[in-house]
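Reviewing the structure listed below.
The values are calculated or read from the model by the stated rules, or taken from the named source; none is laboratory data. Source: prediction; values computed, not measured. Every residue, glycine as well, gets a Cβ built from its backbone with ideal geometry; the counts of neighbours run over all protein chains shown.
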Amino acid sequence: MAENIYEKIWKAHLVHEEPGNDAIIYIDRHFIHEVTSPQAFEGLRLAGRKVRRPELTFATMDHNIPTTDRSRPIADALSRQQCETLEANCKEAGVTCFGMHHPLNGIVHVIGPELGLTQPGQTIVCGDSHTSTHGAFGALAHGIGTSEVEHVLATQTLSQRRSKTMEIRVDGTLPTGVTSKDIVLAIIGKIGTAGGTGYVIEFTGEAIRALSMEGRMTVCNMTIEAGARAGLISPDKTTLEYLHGRPYLPKDKSDEELDREWAAWASDPDCSYDTSVILDAASIEPQVTWGTSPGMVTSIKGRTPVLAEIADANERRSAQSALEYMGLGEGVPITEVRVNKVFIGSCTNSRIEDLREAAKVARGHKVNVTIDQALVVPGSHKVKEQAEAEGLDAVFREAGFEWREPGCSMCLAMNDDVLSPGDRCASTSNRNFEGRQGKGGRTHLVSPAMASAAAVTGRFTDIRSWHFK
Amino acid sequence: MNKTTQLTGIVAPLDALNVDTDQIIPKQFLKRIERTGYGRYLFFDWRFKDDGKTPDPDFEMNAARYRDASILLAKENFGCGSSREHAPWALDDYGFRAVLAPSFADIFFNNCINNSIVPVVLPEATIERLFAEVRATEGYRLDIDLPAQTLTTPSGEKIEFTLDSFLRERLINGWDQIGLTLRHEDKITAYEQARGV
Ligand code: SF4
């Protein structure tokens with residue numbers, strides 16, 4: 001029978017299943033970071049349990065670390081303690097840890113793929129909701145809570161109920177200036193932030209196939225913002241080409257063997273899904289969020305909502321409180337919204353192609369005088385090195401951006417990269433929740449090119465009419 | 001895990017859609033390495049004024065009548081966003097034992113179960129009605145009977161809900177998931193051997 005990729009991966013990882021109970025599925029790859037793992041290790045210790053397969057878990061430090069000079073210890077005592085705890089826990093358990101100074105360090109969802117730790121057909125979990133990113137490779141990847149991190153450490157499995165499947169097909173070709181970020185924001189705008197709840201989504205269609213691996217990661221990254229358990233893209237030639245030569249691939253197999261195995265995970269041509277959603281790529285425009293949830297999004301040509309036009313009372317109140325928080329009126333054209341901060345980074349958009357896109361826009365321009373801070377934070381040390389080798393850092397610096405060390409940074413603002421109350425930020429990250437980038441801070445989610453353009457003009461600007469220098 | 005069969009308590013309303021875990025507990029409180037002590041940071045940015053100390057009277061839950069609440073009445077897509085288990089830790093530490101909503105985000109739902117917090121899904125119309133009743137009656141309490149899958153309102157009305165039987169059993173018996181899984185350790189080993197992992 002024809003199967004979709006989720007069904008194939010599920011079946012291949014089933015360790016045990018009893019009617020009426022959750023199934024036990026095997027976990028091939030487990031990523032951990034400093035914020036959501038300490039209590040899991042503590043739990044193991046209290047119960048006298050050991051890490052079952054330490055070589056299948058990889059750790060990084062990303063959420064809490066400074067993006068400025070790292071030659072000195074982390075100033076914040078609690079952040080330092082979290083990082084030291086991770087290091088000690090990994091050492092004790094025999095888990096590889098890419099600490100802050102390690103050359104392979106970076107945001108967990110950037111380094112997994114970059115190192116080839118992420119591979120098609122795997123089950124991947126991490127105590128982090130954006131683990132969905134790894135689905136771009138045709139891996140079943142999702143975020144888990146700390147109790148589940150402890151469960152995976154102890155058993156290398158997860159207890160889970162089989163999900164329903166949803167196909168989101170994006171037909172046609174993307175117009176120039178429209179990116180994978182715009183695709184996924186448009187999808188969330190269409191199906192809503194709970195539209196994917198209970199589902200695993202597979203993205204299909206010509207526009208998805210045409211995306212690079214990095215573009216695909218951006219789409220899968222934000223699947224969680226649509227509420228889905230996981231987002232997947234079947235592996236194809238693009239996937240295999242990206243993976244070859246990555247350091248953590250299986251050593252005992254030839255490229256041809258790996259290709260054959262990986263390609264076999266792809267959904268069968270006439271497989272079915274529990275539900276399908278279809279979008280036309282040609283109709284997608286550059287997206288900008290206006291509110292405090294990723295579903296509160298419109299195109300650069302759009303306006304903030306008019307409350308009287310929202311029929312549902314809960315929705316209307318929610319839009320009203322979002323507009324209040326965002327300090328925006330009703331029916332305001334997006335192109336009239338001015339920002340004073342810009343953040344280019346996060347596991348959504350901090351890879352080399354993202355930085356190239358942003359640099360292309362910034363090249364030869366200057367950051368607007370009305371901008372108080374424009375940050376570029378690469379997703380990993382490797383991305384940073386690559387960008388520097390291409391001279392992108394110089395482009396950013398000359399334009400007036402700050403060029404930082406890798407990490408999560410202002411995506412969640414656990415370190416010093418924080419918005420002040422009332423700041424308005426064009427951000428390439430994934431969440432525009434109240435206070436996400438700092439209490440009272442106002443986040444507008446956009447693509448890297450749109451963020452870069454906003455830095456230059458001081459307001460949201462349609463990238464499709466940009467004057468590239 | 002604690003065993004939970006019957007719960008009874010004051011109900012507090014939280015009238016917002018898509019309450020994300022960043023609101024339930026903001027990131028500045030995630031730096032601790034303990035599992036306990038997060039209750040005072042629950043809904044921090046909503047509960048307190050900018051000084052981080054003065055309770056904000058505009059936040060409905062701050063009213064004296066809800067001070068001893070142990071059941072949270074919420075709206076659609078509660079607990080969306082980050083996977084941080086600090087969210088149920090904070091709810092638990094504050095004193096909430098159950099959350100009622102028309103829908104929950106998946107990861108948060110699992111995290112609740114793993115912390116003996118009962119997530120109760122009810123139709124939107126029922127939730128709306130409960131909001132009205134809670135606001136109309138000071139000291140409004142609900143009794144939750146997990147084995148029977150019912151809520152009882154102060155007027156004696158019984159409202160049914162369903163919770164997956166496996167998860168219900170876990171809550172009732174206080175079974176820890178790791179212990180349950182390790183009963184099948186031989187199967188895990190067999191899987192590893194068969195697949196060469
Ligand atoms: S970059 Fe942001 S969303 Fe991604 S892992 Fe870090 S904090 Fe989470």
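Checking the structure you have, find out if any residue of the stretch A:114-121 is under 21 Å from residue A:198 (Cα atoms) and surrounded by fewer than 22 Cβ atoms within 10 Å (Cβ to Cβ). If you could, list the steps in order and put the result at the bottom.
Filtering the stretch A:114-121 for residues under 21 Å from residue A:198 (Cα atoms) gives A:121.
If we keep only those that are surrounded by fewer than 22 Cβ atoms within 10 Å (Cβ to Cβ) as well, we get A:121.
Yes, the stretch A:114-121 contains a residue that is under 21 Å from residue A:198 (Cα atoms) and surrounded by fewer than 22 Cβ atoms within 10 Å (Cβ to Cβ).
Do you know which of the residues in the stretch B:62-75 that are in contact with an Asp or Glu (Cβ under 8 Å, 6 or more places away or on another chain) and surrounded by fewer than 22 Cβ atoms within 10 Å (Cβ to Cβ) is nearest to residue A:223 (Cα to Cα)?
B:62
Out of A:453, A:426, report the one residue that is assigned to a helix (DSSP H, G or I), among the small types (Gly, Ala, Ser) and modelled with pLDDT of 95 or more.
On inspection, the qualifying residue turns out to be A:453.
For the stretch A:82-134, which residues satisfy the criterion of being in a loop (DSSP other than H, G, I, E, B), within 16 Å of the ligand (Cβ to nearest atom) and among the β-branched types (Val, Ile, Thr)?
A:107, A:118 - these are the residues of the stretch A:82-134 that are in a loop (DSSP other than H, G, I, E, B), within 16 Å of the ligand (Cβ to nearest atom) and among the β-branched types (Val, Ile, Thr).
Given A:420, A:409, which one is closer than 17 Å to residue A:349 by Cβ and either within 15 Å of the ligand (Cβ to nearest atom) or of a type in the set (Gly, Ala, Ser) (or both)? Even if it seems obvious, please write down each step before you answer.
Details: A:420 fails: closer than 17 Å to residue A:349 by Cβ.
Answer to the check: A:409.
Would you confirm whether any residue within the stretch A:58-77 is more than 16 Å from the ligand (Cβ to nearest atom), surrounded by fewer than 18 Cβ atoms within 10 Å (Cβ to Cβ) and within 22 Å of residue A:148 (Cα to Cα)?
no
Out of A:55, A:18, A:7, A:42, report the one residue that is within 12 Å of another protein chain (Cβ to nearest Cβ), part of a helix (DSSP H, G or I), farther than 30 Å from residue A:378 by Cα and acidic (Asp, Glu).
Going through A:55, A:18, A:7, A:42 in turn, the sole match is A:42.
Using the structure shown, decide if residue A:41 is farther than 20 Å from residue B:34 by Cα, surrounded by 17 or more Cβ atoms within 10 Å (Cβ to Cβ), in contact (Cβ under 8 Å) with a residue 12 or more places away in the chain and among the hydrophobic types (A, V, I, L, M, F, W, C).
Spelling it out, it is not the case that residue A:41 is farther than 20 Å from residue B:34 by Cα, surrounded by 17 or more Cβ atoms within 10 Å (Cβ to Cβ), in contact (Cβ under 8 Å) with a residue 12 or more places away in the chain and among the hydrophobic types (A, V, I, L, M, F, W, C).
Could you name every one of the strands (runs of 3 or more DSSP E) located completely within the stretch B:86-171 that has at least 2 residues being surrounded by 20 or more Cβ atoms within 10 Å (Cβ to Cβ)?
Counting at least 2 such residues, we get B:98-101, B:118-121, B:141-145.
Out of A:331, A:364, I need the residue that is farther than 15 Å from residue A:428 by Cα, free of Cβ contacts under 8 Å to residues at least 60 places away in the same chain and not polar (S, T, N, Q). Which one?
Step by step, each of A:331, A:364 is checked, and only A:331 is farther than 15 Å from residue A:428 by Cα, free of Cβ contacts under 8 Å to residues at least 60 places away in the same chain and not polar (S, T, N, Q).
Name the residues in the stretch A:188-236 that are within 16 Å of the ligand (Cβ to nearest atom), closer than 23 Å to residue A:172 by Cα and either free of Cβ contacts under 8 Å to residues at least 24 places away in the same chain or within 14 Å of chain B (Cβ to nearest Cβ) (or both), would you?
Correct list: A:188, A:221, A:222, A:223, A:226, A:231.
Determine, yes or no, whether residue A:274 is exposed (fewer than 14 other Cβ atoms within 10 Å of the Cβ) and within 14 Å of another protein chain (Cβ to nearest Cβ).
no
For the stretch A:293-393, which strands (runs of 3 or more DSSP E) that fit wholly inside it have 2 or more residues that are within 16 Å of the ligand (Cβ to nearest atom)?
Ranges flagged: A:341-344, A:373-376.
Taking only the stretch A:58-81 into account, find how many residues are in contact (Cβ under 8 Å) with a residue 40 or more places away in the chain and within 9 Å of chain B (Cβ to nearest Cβ).
4
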